Amino acid sequence: NAGVTQTPKFQVLKTGQSMTLQCAQDMNHEYMSWYRQDPGMGLRLIHYSVGAGITDQGEVPNGYNVSRSTTEDFPLRLLSAAPSQTSVYFCASSYSTRPSTDTQYFGPGTRLTVL
Amino acid sequence: AQSVTQLGSHVSVSEGALVLLRCNYSSSVPPYLFWYVQYPNQGLQLLLKYTSAATLVKGINGFEAEFKKSETSFHLTKPSAHMSDAAEYFCAVTPGFNQGGKLIFGQGTELSVKP
């Protein structure tokens, strides 16, 4: 198993540009999520999905879109990048959607800079 | 609303000394609690988790944490620090039984280990 993979590892955008951060998992996990990590603020949930075709907003969803057409993939789209979106983005997945004993498996992260 | 507070954004210990990283939570329902570790330039890995069984939870790499309901705490300890323990540590709580696998993270504590 490759686990949770994310591409690209690094990205620099100009204000107003759009891009998609890719996330894939090969563990047949139902639950997938996107977090952003900023210094002194821990990780904050952007969007999550409890299965193919089902997505919902997290704590900081503004400026981001997601879709879940397959169990394996959960891309994050920035429609018009802003400097405030400079951050490290992590994708995570878990087998069950219940907040029980399931471990969240994290990808290696994408470091995004918006100029 | 659920929240997590980690006391101390930076903790420095000498090799062989006790490691104590503090975490206090707020939750309106019985919580599940987690500690994750992030090594430099990597994603997060689960250290240990509390899921309402034993209040003293043992994790990987010699770490353990004790759930104290009366103090709303879940502090992380290790009797003897090793240089390889240098990393950032995150405490997290799941907010409820019907809210999917959402994690609420603390701000993180960076652990430095001096030789």
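The values are calculated or read from the model by the stated rules, or taken from the named source; none is laboratory data. Please read all numbers here as calculations on a predicted model, not as lab measurements. Cβ sites come from the backbone with ideal geometry, for glycine too, and all protein chains shown count toward neighbours. Heads up: the accessible areas ignore ligands, DNA and RNA and are worked out on the full protein's heavy atoms, side chains in. Shrake-Rupley method; radii C 1.70, N 1.55, O 1.52, S 1.80 Å.
Inside the stretch A:1-91, counting only strands (runs of 3 or more DSSP E) that do not spill past its ends, which hold 1 or more residues that are of a type in the set (S, T, N, Q) and out of contact with any Ser or Thr (no Cβ under 8 Å at 6 or more places or on another chain)? Counting at least 1 such residues, we get A:4-7, A:19-25, A:54-57, A:64-66. The single condition from (1) buried (at least 21 other Cβ atoms within 10 Å of the Cβ); (2) away from every other protein chain (no Cβ under 11 Å) that residue A:48 fails is (2). Checked against (1) under 10 Å from the mean Cα position of the chain (by Cα); (2) within 13 Å of chain A (Cβ to nearest Cβ); (3) not aliphatic (A, V, I, L, M), residue B:40 meets all criteria but (1). Of all residues in the stretch A:61-87, those that are of a type in the set (A, V, I, L, M), open to solvent by 20 Å² or more (accessible area, probe 1.4 Å) and modelled with pLDDT of 95 or more total 2. Cβ-Cβ distances below 6 Å connect the following pairs, each with a first residue in the stretch A:48-71 that is among the charged types (D, E, K, R), a second residue that is open to solvent by 30 Å² or more (accessible area, probe 1.4 Å) and in a loop (DSSP other than H, G, I, E, B), and a separation of six or more residues or different chains: A:68/A:52. The single condition among (1) over 11 Å from residue B:91 (Cβ atoms); (2) open to solvent by 50 Å² or more (accessible area, probe 1.4 Å) that residue B:7 does not satisfy is (1). Highlighted here are the strands (runs of 3 or more DSSP E) found entirely within the stretch B:1-107 that include at least 1 residues which are among the polar types (S, T, N, Q) and over 27 Å from residue A:6 (Cβ atoms): B:3-7, B:10-14, B:19-26, B:73-78. Taking the stretch A:92-105 as the range and being in a strand (DSSP E or B) and open to solvent by less than 70 Å² (accessible area, probe 1.4 Å) as the test, the residues that pass are A:92, A:93, A:94. Screening the candidates B:71, B:15 for the property of being loosely packed, with under 15 Cβ neighbours inside 10 Å, at pLDDT below 95 and farther than 30 Å from residue A:49 by Cβ yields one hit, B:71. Condition test on residue A:46, is it over 29 Å from residue B:11 (Cα atoms) and among the β-branched types (Val, Ile, Thr)? When the stated conditions are applied, residue A:46 does not pass them.
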